[in-house]
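Student: One structure follows; several queries about it will come next.
The values are calculated or read from the model by the stated rules, or taken from the named source; none is laboratory data. Bear in mind that the values here come from a model prediction, so they are computed numbers and not experimental data. Here the Cβ is made from the backbone with ideal geometry for all residues, glycine too, and neighbour counts use every protein chain on show.
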Amino acid sequence: MIKAVIFDLDGTLTDTEKFYQKAWPQALEHYGYKCEPWMPLELRSLGRPFAPLKFKEWFGEDFDYDRVRSYRKKLIEEYLKPGIPLKPGAVEILDYLRESGITVAMATANDIERTKRYLGRIGLLDKFDRIICADMVKQGKPAPDIYSYACESLGLGPGQTIAVEDSPNGVRSAAAAGCKTVMIPDLTEPDEELGKLLYARIDRLIDLKELI
């Protein structure tokens, strides 16, 4: 029986992944790097130490990841000033789960300060029983650390949880931790290899009702 649902944030509950797809190329170009169109897609939910290593692979050992990422964060803040768009059904599914006695948690590649600030802005902060962020674990997605820690902190086995993700790195992280992994594709559909890791692929957040 499913006792908890653990959500990713960007691209899953908030329609914000599209802004990262714009901000990464801008940040790279600001420092003189050419960003290929496929690169930002590979960066979705990619955490430490994997993201810095990926950039060094692309641009060389001298690449200053922290400097470029800091500029990208400033761009994201500008993009989100008018508001943080929610995915359709986000509030409804969170309310439904809580009313059904299902624990609601979050496992995001964001840090805890930004996560709580964003959730507060969109009125979702009090809808989560537990919030797990990348800065609480040793390795970010696609390593299983964040979902393993989320399950541990909830006192549940991974098989008692559903993890909801939109990106390949997030899916790999949740599946490696043993969670029942549900993908709601945002920018790309799962390929055959990724599909084998999924408990289900659904179109909308509200479709989670059918899996509980």
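Student: Let me spell it out: the conditions are (1) more than 30 Å from residue 156 (Cα to Cα); (2) of a type outside the set (A, V, I, L, M); (3) buried (at least 20 other Cβ atoms within 10 Å of the Cβ), and residue 79 meets all of them except one. Which number is the exception?
Tutor: (3)
Student: Against the definition (in contact with a helix residue (DSSP H, G or I) (Cβ under 6 Å, 6 or more places away or on another chain), at pLDDT 95 or above and at positive phi), how does residue 155 come out, yes or no?
Tutor: Judged against the criteria, residue 155 is not a match.
Student: Which residue out of 123, 195, 140 is under 27 Å from residue 1 (Cβ atoms) and among the small types (Gly, Ala, Ser)?
Tutor: 195
Student: For the stretch 82-183, which helices (runs of 4 or more DSSP H) that fit wholly inside it have 2 or more residues that are within 15 Å of the chain's Cα centre (by Cα) and either farther than 30 Å from residue 53 by Cα or charged (D, E, K, R) (or both)?
Tutor: So the answer is 112-121.
Student: Related question: Does the stretch 162-208 hold any residues that are surrounded by fewer than 16 Cβ atoms within 10 Å (Cβ to Cβ), within 21 Å of residue 140 (Cβ to Cβ) and either β-branched (Val, Ile, Thr) or in contact (Cβ under 8 Å) with a residue 60 or more places away in the chain (or both), and which are they?
Tutor: Selection gives 187, 188.
Student: Answer yes or no as to whether residue 40 is within 15 Å of residue 20 (Cβ to Cβ), under 19 Å from the mean Cα position of the chain (by Cα) and without any contact (Cβ under 8 Å) to a residue 24 or more places away in the chain.
Tutor: Against the criterion (within 15 Å of residue 20 (Cβ to Cβ), under 19 Å from the mean Cα position of the chain (by Cα) and without any contact (Cβ under 8 Å) to a residue 24 or more places away in the chain), residue 40 qualifies.
Student: If I go through the stretch 1-39 residue by residue, how many of them are outside any loop (DSSP other than H, G, I, E, B) and under 18 Å from residue 80 (Cα atoms)?
Tutor: Qualifying residue count for the region: 13.
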